[in-house]
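**Q** A single structure is presented below for examination.
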Amino acid sequence: MLTQAIAFVLDALFHLFILAALVRFWMQAFRASARNPIAQFTMALTDFAVKPLRRIIPGAFNLDWASLVVALAAEFLLQILLVLVAGANLNGEMFPVL
């Protein structure tokens, strides 16, 4: 029961962050105004992860590839955390979490 609650909270928080990163990617693709309050919230929420990654992954074709990579990395991290919360070992066998 506790593991399901933890998994639900992790899932909700990570998916909100992933959604914000994807909204940031699409806002730049559609050249949305950055003065929009939703755009400012999205930028503020994802800046800590996207800005350092922009030094490594440059934008191409007028797209913000760093925000897309952040969304993919967050989804990968979420899946790892959900497997750890569920109590799976590396062999794929499930065991109950005490």
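The values are calculated or read from the model by the stated rules, or taken from the named source; none is laboratory data. Note that the coordinates shown come from a computational prediction; the quantities given were computed from them, not determined experimentally. Here the Cβ is made from the backbone with ideal geometry for all residues, glycine too, and neighbour counts use every protein chain on show. The area values use the complete protein model at the heavy-atom level, side chains included, leaving out ligands, DNA and RNA. Shrake-Rupley method; radii C 1.70, N 1.55, O 1.52, S 1.80 Å.
**Q** For a test of the definition: using alpha carbon positions, the gyration tensor, and the 1.5 limit on a/c, classify the chain as rounded, prolate or oblate.
**A** prolate
**Q** In degrees from 0 to 90, rounded to the nearest 10, what is the angle of the helix 37-54 Cα long axis to the longest principal axis of the chain?
**A** Its long axis makes an angle of about 80 degrees.
**Q** In addition: So, by mean Cβ neighbours within 10 angstrom, what's the order for 47-55, 1-9, 69-77 with the highest one leading?
**A** Descending mean neighbour count gives 69-77, 47-55, 1-9.
**Q** Here is a further query. Counting pairs of alpha carbon atoms under 8 Å apart in space and at least six apart in sequence, what relative contact order in percent does the chain give?
**A** Contact order relative to length: 35 percent.
**Q** Suppose R0 equals 35 Å. What FRET efficiency, 1/(1 + (r/R0)^6) with r the Cβ-Cβ distance, do A12 and A34 give to the nearest 0.05?
**A** The pair A12/A34 has a calculated efficiency of 0.85.
**Q** Per residue of the range 13-26, in order, report the coupling 6.51 cos²θ - 1.76 cosθ + 1.60 (Karplus, θ = phi - 60°) as ³J(HN,Hα) in whole Hz, putting x for Gly and Pro.
**A** After applying 6.51 cos²θ - 1.76 cosθ + 1.60, I find 5, 5, 5, 5, 5, 5, 4, 5, 5, 5, 5, 4, 4, 6 Hz.
**Q** For the chain, with all protein chains present and a 1.4 Å probe, just round the carbon and sulfur fraction of the accessible area to a whole percent.
**A** 73 percent
**Q** Any idea which of A66, A32, G87 is furthest toward the positive side of the dipole for the chain, if Lys and Arg beta-carbons carry +1 and Asp and Glu beta-carbons -1?
**A** Toward the positive end, the furthest listed residue is A32.
**Q** Quick one: which residues, 5 or more positions from L63 or on another chain, have an amide H under 5 Å from its amide H? H modelled 1.01 Å from N in the peptide plane, none for Pro or chain starts.
**A** Placed amide hydrogens put nothing under 5 Å from L63.
**Q** Right, something else. Largest first, what is the accessible-area ranking of S33, S67 with a 1.4 Å probe?
**A** S33, S67
**Q** Count the net charge of all other residues whose Cβ sits under 15 Å from the Cβ of P52, scoring Lys and Arg as +1 and Asp and Glu as -1.
**A** Once positives and negatives cancel, what remains is +2.
**Q** Under a 1.4 Å probe, what is the accessible area of the chain per residue, stated in Å²?
**A** 73 Å²
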